[in-house]
Amino acid sequence: MKVIKRDGTTVTYDRNKIIRAIQKANAEVEPAEKVTDETIEYIISCIESKNRARMLVEDIQDIIEQKLMDEKKFVLAKTYIIYRYSRELVRKANTTDDSILSLIQNRNKDVMEENSNKNATVASTQRDLIAGEVSKDLTKRILLPEKISKAHEEGVLHFHDADYFLQPIFNCCLINIGDMLDNGTVMNGKLIESPKSFQVACTVMTQVIAAVASSQYGGQSVDVRHLGKYLRKSYNKFKAKMTAEFGDYVSSTVIEKMVKERLHDELRSGVQTIQYQINTLMTTNGQSPFVTLFLNLDKDDEYIKENALIIEEILRQRLEGIKNEKGVYITPAFPKLIYVLDEHNCLKGGEYDYITQLAVKCSAKRLYPDYISAKKMRENYEGNVFSCMGCRSFLTPWKDKNGEYKFEGRFNQGVVSLNLPQIGIIANGDEDKFWTLLDKRLELCYEALMCRHNSLMGITSDVSPVHWQYGAIARLEKGEPIDKLLLNGYSTISLGYIGLYEVTKLMKGCSHTNAIGQDFALRVMNHLRAATDRWKAETGLGFGLYGSPAESLCYRFARIDAERFGNIEDVTDKGYYTNSYHVDVRENIDAFSKFRFESQFQKISSGGAISYVEIPNMRNNLDALAEVVRFIYDNIQYAEFNTKSDYCHECGYDGEIVINDDNEWECPQCGNKDHSKMNVTRRTCGYLGENFWNVGKTKEIKARVLHL
């Protein structure tokens, strides 16, 4: 048996520790109050007879106290409780030593690998991670109710981002970059006026992104259509200058050509500024900004021509890639790109199809952009098209006092996710038990979410001027509380969920792609959505159902349940749970069927939903990929591709990575053997658990497996 300590660490069960604790209490009471060695052995047998693979230390101590009371040893029980309390006070004095030291010594794998945009070996990042360990410790011991902390440790739910809960900051947002560019902003006490050119606008935008990322813990999204105005300003500036200088000597046609060449140089430089700044800037919390660029050609935008040029250039530079330290072009992690498909660019003869064709080339080579169907999004969000936030959660439609929809300048207060498979394991096919337990755990999630909300109530705009005073979210006065932005649905607060496939398998014995399983899965999803709608109606807060893209949580829940309940076929034995409503990656389903099937869940999960398909190397088959993109426009709101191909990040080689005579993966082009710097696709059984190196002796079973 494993015992989960209060700080979340796992240790092997040791019965001798229980014996010593009771004996210490025994030594402090009168002989009549003592218990015999046989009674101590009986108490221990009661604990061990539960046959649990995993127990919380609090549960063990509760059993000891109850058994002492059953034996009528009330003074001894009180003495043990005092002993337990005194030990708890010692623990509360400092419980972070080991976790912090393990970070410094690069041993804390869970924390080090949690975020792709954090390099945990760098000193500046380690400072943030150390602060995060202190925050998690205080959150578990003091800030959260004990039952929520216990539920988190037991894998009942996941209280996201506890490493930042100590601070009055929120999750993710849509930056109101249009307001900040048009009306100016302030950073580090310095006034930044509205830019007069595209290049300066790009520079200001990246500085805003870095400042915003330093005072929140989740991602952020920026709509690049606000840059179109500034590209036109540059055009007008160049034209006026060249006309004044050369108008008497050359024709207007030549002037126009000169202006366009100069404008193209500025366009390329400005986009390059965005790409390189985002990838080289480090925020004050030791990471690259987790930012998404929203690429939407709005037909009603007066600057649509300029924005078409900007989006085209962004895609061209993403297609090219960015050089790593070896000078090799690789795919940068940020900014993430979301490309909107609409009537004029959905590859059906539209004016801007040429840009979508470029996006398809980019997807085939660089994994980005993701795609949003404007058609499906308008159906789901009252006719609106807008970006998800950096964490892929969506806002709900909200109107200002003038009755106008507003999305930019809004944010998410935080997330709590529910472990659906664990409910299915406990219910064991009994639907009455399942729905009863689900409701109990939903109420626990509600309490946890209200902890998030209440932690932000009452804070003032001074905690992050760039957010609250200078336009990223609002323009409040100094010292003004932010409370009004937390209420009435202006900001969202999200219930996440993991493992719809597994809970359906547990309750119905089949996948949710089966007709019987699908009916159950839809009932579960609608039940979750009804809960968030009810909470919203009761409180006025912007509760939403969010298909969590937290891949690491899929492993955490599965690991906890495997330790507690053992290996369950096609559930805990895989080492992971499927994310949200997704079809399990091992099911034999084509891309079109997967998107069509999952689209029904996206509408229910309106607080956040993304679907993906795994595709083979499509660089030589762009027509097939374009057909999938056309299908996305008509059938699903939000989708992405994962390309299944080998790739070496050292030299850019994209052929098959081979196994050498020493049973090691090796790039045939540069000889790289570092598996952390290469992608290797599945070769054998299709296992998709945690990344690992199999130490088997045959080439057939030795593989690095990727969770795609």
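Of all residues in the stretch 354-395, which are on the phi < 0 side of the Ramachandran plot and among the aliphatic types (A, V, I, L, M)? Full working, then the answer.
Taking the stretch 354-395 as the starting set, the residues that turn out to be on the phi < 0 side of the Ramachandran plot are 354-366, 368-381, 384-391, 393-395.
Of everything in the stretch 354-395, those that are on the phi < 0 side of the Ramachandran plot and among the aliphatic types (A, V, I, L, M) turn out to be I355, L358, A359, V360, A364, I372, A374, M377, V385, M389, L395.
Yes or no: the stretch 453-462 includes at least one residue that is in a strand (DSSP E or B), closer than 30 Å to Q207 by Cα and of a type in the set (G, A, S).
To start, the set of residues in the stretch 453-462 that are in a strand (DSSP E or B) comprises 460.
Applying the additional criterion that residues be closer than 30 Å to Q207 by Cα yields 460.
Cutting the leftovers down to of a type in the set (G, A, S) gives us none.
Looking through the stretch 453-462, none of the residues is in a strand (DSSP E or B), closer than 30 Å to Q207 by Cα and of a type in the set (G, A, S).
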**Request:** Pick out the one residue from K233, K239, K229 that is surrounded by 18 or more Cβ atoms within 10 Å (Cβ to Cβ), within 34 Å of the chain's Cα centre (by Cα), part of a helix (DSSP H, G or I) and modelled with pLDDT of 95 or more.
**Result:** K229
**Asked** T331 passes all but one of (1) closer than 15 Å to A626 by Cα; (2) at pLDDT below 95; which number fails?
**Response** (1)
**Asked** Do the conditions hold for L506, that is, is it touching a residue at least 12 places away in the same chain (Cβ under 8 Å), of a type in the set (A, V, I, L, M, F, W, C), in contact with a Gly (Cβ under 8 Å, 6 or more places away or on another chain) and in a helix (DSSP H, G or I)?
**Response** yes
**Asked** Can you find even one residue in the stretch 360-374 that is under 18 Å from I636 (Cα atoms) and open to solvent by 10 Å² or more (accessible area, probe 1.4 Å)?
**Response** yes
**Request:** Find the strands (runs of 3 or more DSSP E) located wholly in the stretch 1-83 whose residues include 2 or more that are crowded, with 18+ Cβ neighbours inside 10 Å, and list them.
**Result:** 2-4, 54-56
**Prompt:** Does F386 meet the test of being under 15 Å from D223 (Cα atoms), aromatic (F, W, Y) and touching an Asp or Glu at 6+ places or on another chain (Cβ under 6 Å)?
**Reply:** no
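Quick check on my filter: what residues within the stretch 242-253 are assigned to a helix (DSSP H, G or I) and surrounded by 13 or more Cβ atoms within 10 Å (Cβ to Cβ)?
Within the stretch 242-253, the first condition is being assigned to a helix (DSSP H, G or I), and the residues that meet it are 242-246, 252-253.
Scanning the stretch 242-253 gives M242, T243, F246.
Would you mention how many residues in the stretch 344-401 are among the polar types (S, T, N, Q), over 30 Å from S491 (Cβ atoms) and more than 23 Å from the chain's Cα centre (by Cα)? Give the steps one after another, and end with the answer.
First pass over the stretch 344-401, keeping only residues among the polar types (S, T, N, Q): 345, 356-357, 363, 373, 380, 384, 387, 393, 396.
Filter again for over 30 Å from S491 (Cβ atoms), leaving 345, 356-357, 363.
From the residues that got through so far, the ones that are more than 23 Å from the chain's Cα centre (by Cα) too are 345, 356-357.
Total satisfying the criteria: 3.
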**Message:** I need every pair where a residue in the stretch 396-414 that is on the phi > 0 side of the Ramachandran plot and assigned to a loop (DSSP other than H, G, I, E, B) has its Cβ under 6 Å from the Cβ of a residue that is modelled with pLDDT of 95 or more and crowded, with 20+ Cβ neighbours inside 10 Å, sequence separation at least 6 or different chains.
**Reply:** G409/N176; G409/I473
**Asked** Out of the residues in the stretch 187-202 that are at pLDDT below 95 and within 31 Å of the chain's Cα centre (by Cα), which is nearest to Y235 (Cα to Cα)?
**Response** M187
**Prompt:** Out of (1) surrounded by fewer than 20 Cβ atoms within 10 Å (Cβ to Cβ); (2) in a helix (DSSP H, G or I), the odd one out for I209 is which?
**Reply:** (1)
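Is one or more of the residues making up the stretch 604-612 in a strand (DSSP E or B) and either open to solvent by 20 Å² or more (accessible area, probe 1.4 Å) or of a type outside the set (S, T, N, Q) (or both)?
Kept after step one, since they are in a strand (DSSP E or B), are these residues of the stretch 604-612: 611-612.
If we keep only those that are either open to solvent by 20 Å² or more (accessible area, probe 1.4 Å) or of a type outside the set (S, T, N, Q) (or both) too, we end up with 612.
Yes: one or more hits.
Among the candidates L337, L315, L347, single out the residue that is touching a residue at least 24 places away in the same chain (Cβ under 8 Å) and part of a helix (DSSP H, G or I).
Details: L337 fails: part of a helix (DSSP H, G or I); L347 fails: part of a helix (DSSP H, G or I).
Every option except L315 fails the conditions.
Being closer than 30 Å to K399 by Cβ, polar (S, T, N, Q) and in contact (Cβ under 8 Å) with a residue 40 or more places away in the chain narrows it down to one of S511, S605, so name that one. Break it down stepwise before answering.
Numbers: S511 fails: closer than 30 Å to K399 by Cβ.
Result: S605 is the single residue among S511, S605 that is closer than 30 Å to K399 by Cβ, polar (S, T, N, Q) and in contact (Cβ under 8 Å) with a residue 40 or more places away in the chain.
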**Request:** Report yes if some residue within the stretch 551-574 is open to solvent by 30 Å² or more (accessible area, probe 1.4 Å), part of a loop (DSSP other than H, G, I, E, B), charged (D, E, K, R) and closer than 25 Å to I372 by Cα; otherwise report no.
**Result:** no
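In this structure, does L418 turn out to be more than 22 Å from I482 (Cβ to Cβ) and under 18 Å from the mean Cα position of the chain (by Cα)? Quick ask: steps written out before the conclusion?
Numbers: more than 22 Å from I482 (Cβ to Cβ): yes; under 18 Å from the mean Cα position of the chain (by Cα): yes.
Yes: the conditions hold for L418.
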**Request:** Inspect all residues belonging to the stretch 490-513 and state whether any of them is in contact with a Cys (Cβ under 9 Å, 6 or more places away or on another chain) and surrounded by fewer than 21 Cβ atoms within 10 Å (Cβ to Cβ).
**Result:** no
**Request:** Could you tell me which numbered condition I426 fails, if it satisfies all but one of (1) in contact with a Gly (Cβ under 8 Å, 6 or more places away or on another chain); (2) open to solvent by 40 Å² or more (accessible area, probe 1.4 Å)?
**Result:** (1)
**Asked** L138 fails exactly one of the following numbered conditions: (1) assigned to a helix (DSSP H, G or I); (2) under 22 Å from the mean Cα position of the chain (by Cα); (3) more than 26 Å from L395 (Cβ to Cβ). What is the number of that condition?
**Response** (2)
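Would you say S593 is touching a residue at least 12 places away in the same chain (Cβ under 8 Å), surrounded by fewer than 21 Cβ atoms within 10 Å (Cβ to Cβ) and at negative phi? Give the derivation first.
Values: touching a residue at least 12 places away in the same chain (Cβ under 8 Å): no; surrounded by fewer than 21 Cβ atoms within 10 Å (Cβ to Cβ): yes; at negative phi: yes.
For S593, the condition - touching a residue at least 12 places away in the same chain (Cβ under 8 Å), surrounded by fewer than 21 Cβ atoms within 10 Å (Cβ to Cβ) and at negative phi - is not met.
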**Asked** Can you find even one residue in the stretch 276-283 that is surrounded by 13 or more Cβ atoms within 10 Å (Cβ to Cβ), polar (S, T, N, Q) and out of contact with any helix residue (DSSP H, G or I) (no Cβ under 9 Å at 6 or more places or on another chain)?
**Response** yes
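L545: closer than 17 Å to H160 by Cβ and in a strand (DSSP E or B), yes or no? Lay out the reasoning, then the answer.
On the way: closer than 17 Å to H160 by Cβ: yes; in a strand (DSSP E or B): yes.
Yes, satisfied.
The values are calculated or read from the model by the stated rules, or taken from the named source; none is laboratory data. Values in this document were obtained by computation on a predicted structure and should not be read as measured data. Ideal geometry is used to build each Cβ from the backbone, glycine not excepted, and the neighbour counts take in all protein chains shown. Please note that ligands, DNA and RNA were not included when accessible areas were found on the heavy atoms of the full protein model with its side chains. Shrake-Rupley method; radii C 1.70, N 1.55, O 1.52, S 1.80 Å.
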